[in-house]
Amino acid sequence: MHYPHRISKVKRARTQGFRARMKTHNGRKLINRKRRHGFHKISVC
């Protein structure tokens, strides 16, 4: 059975992961916003 739009974990981590978020100013803002609101999982990986 084929699952639609199956992106690899490596690709996802590179674009949406914690390290990728910390690279940009807006990414850091996003992480801090999630921390403020008490999210348990801040990013994908």
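At-a-glance table
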read-out: Debye intensity ratio I(q)/I(0), log10, the chain, q values 0.13, 0.19, 0.20, 0.30 Å⁻¹ (C-alpha model); value: -0.35, -0.62, -0.66, -1.03
read-out: C-alpha long axis of helix 25-36 to longest principal axis of the chain, angle in °; value: 80 degrees
read-out: Other-chain or far-sequence residues with amide H under 5 Å of Val44's (modelled H); value: Phe18
read-out: Helix-only [θ]222 nm of the chain, DSSP H runs n ≥ 4, -39500 (n - 2.57) each, per residue, nearest 500; value: -16000 deg cm²/dmol
read-out: Residue-by-residue Karplus 3J(HN,Hα) for the stretch 19-24, coefficients 6.51, -1.76, 1.60, Hz, glycine and proline x; value: 5, 5, 5, 6, 5, 10
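Any read-out appearing in this document is the output of simple, stated calculations on the displayed coordinates, not a laboratory observation. Quick caveat, the model's predicted, so the values are computed rather than measured.
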